[in-house]
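K.L.:
Take a look at this one; I'll ask things after.
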Amino acid sequence: MCELEVRGGRRLEGTLVIQGSKNSALPIMAATLLLDGETVLKDCPDILDVHEMLAIINGVGGCDGGSCRFTGEGLRLLHNKVDGVPDYESCMRFRASSILMGALLATAGFFAMPYPGGCRIGRRPIDYHIEGLRALGAEVEEKDGMLIGYAGRLKGGYYRFPYPSVGALENLILASVKGKGEYLFENCSKEPEIVDLCDFLMRAGADIEGTGTDTIRIKGVEKLNGIQYRVPGDRIVAGTYMAACGITGGNIRLRNIESARLEGVIEVLKKTGCHVFTDAGNDEIIILSDGRRKAVSSIETAPYPGFPTDMQPQMMALAAFSTGSCRIVDKVFESRYRTAEELKKLGADVRTDGGSVIITGSERLHGGAVRAADLRCGAALVIAALGIYGKTIIEDCGYIMRGYEDIQRDLEELGADILWRIKEESTGN
Ligand code: UD1
């Protein structure tokens, strides 16, 4: 088990280049199963979730010995004949394996995989994925914890999402871009990662209209070709470091990040008293903070362009240091409040009332030991620890490696005192 040891109390100063986006890279990797010829993904983040996806698609893509791999140029992906049965254990531990359903239907014509596992952030059903694929003409059965789907070449169809779902839309897009006929999807997610997936597919030859709006139209094409593509910077990683600077005070410059993707986060940070300067032409954000924070009265998460659920735990950390109270409501994942319980262990003033968390800033936070309950909870606890004079240990930090290339390297670069530690697991003997 790995831990991070943080000795807080230092201002953050310096420049960081933000890694490529996890949530853009994963569906794009699945999309390469549909392409003829080699694809090279530049700036693909070197994170655990990308390696999980790589192992699965090397398995289904007929690439004995792994012809999909990181090289000096980027992540190279080339597939032979695609098989519809991804590795069972990998799918069980990796939530984003669910976005392979659409790509496998479109290439192998079938899939058989277990219900996906992954980060524990509340109920994460996949009913829209299944209903949506059925609406396009696929047969999907659920049997003994397995999902089994069949389809010949899809012939067109319509699906209206009951609620915008990023993963379900990715599946339907991947299922239909190489189908016959026309496809219409309504009440779609507008997240930048959807735009990135469509941008990638269009450059490879797909015919897609309406990305970034709530209505997407697709005309199926016969063939898609391998391309070179640069994965854009990760807005949640950038947002995490911006919130960290809000907590510690300081002056940081983030490069390789489109500020338009972070508008909701920037708006909230400005209300807390941070100064944020954006240079859209150069994909740069500068954040200045004197470390005196005012609480924003309420933060509610919502599908994009609303406040991202993946930034909510980091905002809880910031609120724990601010003057006043902040009510946080996660409207996307209704029970994503485990960070609150961990912050309490560090002395934060936290009240939960079922559907929301109220955090009142306090000067009495102290070091201690906390546990990363999931990826963003882990990141939130690390940035909270940066604001505490004294030592904090964050246990179970493997979760953080799912989405951050090296949070220790990045924060150390900005002047933090932070250390990875590998802890021997007790065997019980
Ligand atoms: C993706 C992101 C995740 C982010 C989330 C919301 C990836 C790999 N993960 O997750 O980081 O937090 O979007 O921005 O890109 N829902 C259903 N039925 C379904 C599908 C979803 O009820 O079949 C509900 C979910 O429970 C949730 C909401 O829809 O309440 C949105 O979830 P969704 O957008 O699907 O999240 P993911 O794609 O899993």
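The values are calculated or read from the model by the stated rules, or taken from the named source; none is laboratory data. Here the structure is a predicted model, which is why all the values come from computation and not from measurement. Note: ideal-geometry Cβ built from the backbone for every residue, glycine included; neighbour counts use all protein chains shown. Accessible surface areas use protein heavy atoms only, side chains included; no ligands, DNA or RNA. Shrake-Rupley method; radii C 1.70, N 1.55, O 1.52, S 1.80 Å.
K.L.:
Can you tell me how the range 26-119 classifies by the Cα gyration tensor, rounded, prolate or oblate, using a/c under 1.5 as the rounded cut?
P.N.:
Here the range 26-119 falls in the oblate category.
K.L.:
Work out the length of the dipole vector of the chain about its Cα centre, built from +1 on the beta-carbon of each Lys and Arg and -1 on the beta-carbon of each Asp and Glu, and round it to the nearest 20 debye.
P.N.:
In total the dipole reaches around 740 debye.
K.L.:
Hey, another quick one. So if I place +1 on the C-beta of Lys and Arg and -1 on the C-beta of Asp and Glu, and nothing else carries charge, what would the dipole magnitude of the range 288-392 be about its Cα centre? I want it in debye, nearest 20.
P.N.:
240 debye
K.L.:
Please give the contour-minus-distance gain from residue 417 to residue 110: 0.36 nm per residue of separation, less the Cα-Cα distance, rounded to one decimal in nm.
P.N.:
Extra length from residue 417 to residue 110 when fully extended: 105.5 nm.
K.L.:
Can I ask one more? Quick one: which residues, 5+ away or cross-chain, put their amide H under 5 Å from the amide H of residue 299? H built at 1.01 Å from N.
P.N.:
Those qualifying (amide H under 5 Å, at least 5 residues apart or on another chain) are 327, 328, 329.
K.L.:
Still on this model: If the chain between residue 288 and residue 81 were fully stretched, how many nm would it gain, using 0.36 nm times the residue separation less the Cα-Cα distance?
P.N.:
69.3 nm
K.L.:
Under 20 Å from the Cα of residue 219, which lysines turn up, not counting those fewer than eight places away in the same chain?
P.N.:
155, 178, 180, 190
K.L.:
Right, here's the next one. Can you pull the percent of the chain's accessible area that's carbon plus sulfur, 1.4 Å probe, other chains left in place?
P.N.:
Carbon with sulfur: 46 percent of the solvent-accessible area.
K.L.:
Now for a separate question. Diagonalise the Cα gyration tensor of the chain and give the resulting equivalent ellipsoid semi-axes, square root of 5 times each eigenvalue, largest first, whole Å.
P.N.:
So the three semi-axes of the chain are 37, 22, 21 Å.
K.L.:
Using a/c under 1.5 as the rounded threshold, could you call the range 101-180 rounded, prolate or oblate? The axes a ≥ b ≥ c are square roots of the C-alpha gyration tensor eigenvalues, and prolate needs a/b larger than b/c, oblate otherwise.
P.N.:
Note, shape of the range 101-180 comes out oblate.
K.L.:
How much of the DSSP bridge set in the chain is antiparallel, in percent, rounded to the nearest 5? Let's see the in-between values first.
P.N.:
Working: 55 of 79 bridges.
Looking only at bridges with both residues in the chain, the antiparallel portion is about 70 percent.
K.L.:
So what's the angle, to the nearest 10 degrees on a 0 to 90 scale, between helix 22-31 and the longest Cα principal axis of the chain?
P.N.:
On a 0 to 90 degree scale, this one is about 10.
K.L.:
Just 239, 72, 273 to compare: in a GNM of the chain, with alpha carbon springs under 10 Å, which one fluctuates most?
P.N.:
72
K.L.:
Using label points projected 7 Å from each Cα along Cα→Cβ, tell me how many nm separate residue 215 and residue 143, to one decimal.
P.N.:
Label-label distance for residue 215 and residue 143, simple model: 4.0 nm.
K.L.:
Could you work out how far apart the two model spin labels at residue 163 and residue 124 are, taking each label as a point 7 Å from the Cα in the direction of the beta carbon, and quote it in nm?
P.N.:
Label-label distance for residue 163 and residue 124, simple model: 1.5 nm.
K.L.:
Follow-up. Evaluate the distance, in nm, between pseudo-label points positioned 7 Å from the Cα of residue 223 and of residue 352 along their respective Cα→Cβ axes.
P.N.:
5.5 nm
K.L.:
Which part of the range 9-53 falls in the paramagnetic zone of residue 67, meaning amide N under 12 Å from the point 7 Å along Cα-to-beta-carbon?
P.N.:
Within reach of a label on residue 67: 36-39.
K.L.:
Also, I was wondering about something else. If I take every Cα pair under 8 Å that is 6 or more residues apart in the chain, average their sequence separation and divide by the length, what percent do I get for the relative contact order?
P.N.:
Working: 1065 pairs, mean separation 91.3, N = 429.
Dividing the mean separation by the residue count of the chain yields 21 percent.
K.L.:
Using only the alpha carbons, work out the radius of gyration and Dmax of the range 180-257 in angstrom.
P.N.:
Expressed in Å, the Cα Rg and Dmax of the range 180-257 come to 17.3, 55.
K.L.:
Here's a follow-up. List the relative contact order of the range 318-429 as a percent without decimals, with contacts defined as Cα pairs under 8 Å and 6+ residues apart.
P.N.:
With pairs under 8 Å counted, the relative contact order is 21 percent.
K.L.:
Next question, about the same structure. Calculate the FRET efficiency for residue 297 and residue 230 from the Cβ-Cβ distance with a Förster distance of 30 Å, rounded to the nearest 0.05. Walk me through the numbers before you get to the answer.
P.N.:
Details: r = 39 Å, r/R0 = 1.30.
Once the sixth-power term is evaluated, E becomes 0.15.
K.L.:
Using θ = phi - 60° and the Karplus relation 6.51 cos²θ - 1.76 cosθ + 1.60, list the HN-Hα couplings for the range 86-94 in order, rounded to whole Hz, with x at every Gly or Pro.
P.N.:
x, 4, 4, 4, 4, 5, 5, 9, 9
K.L.:
Measure out, as a whole number of angstrom, how far apart the alpha-carbon centroids of the range 339-363 and the range 216-291 sit.
P.N.:
One Cα centre to the other: 27 Å.
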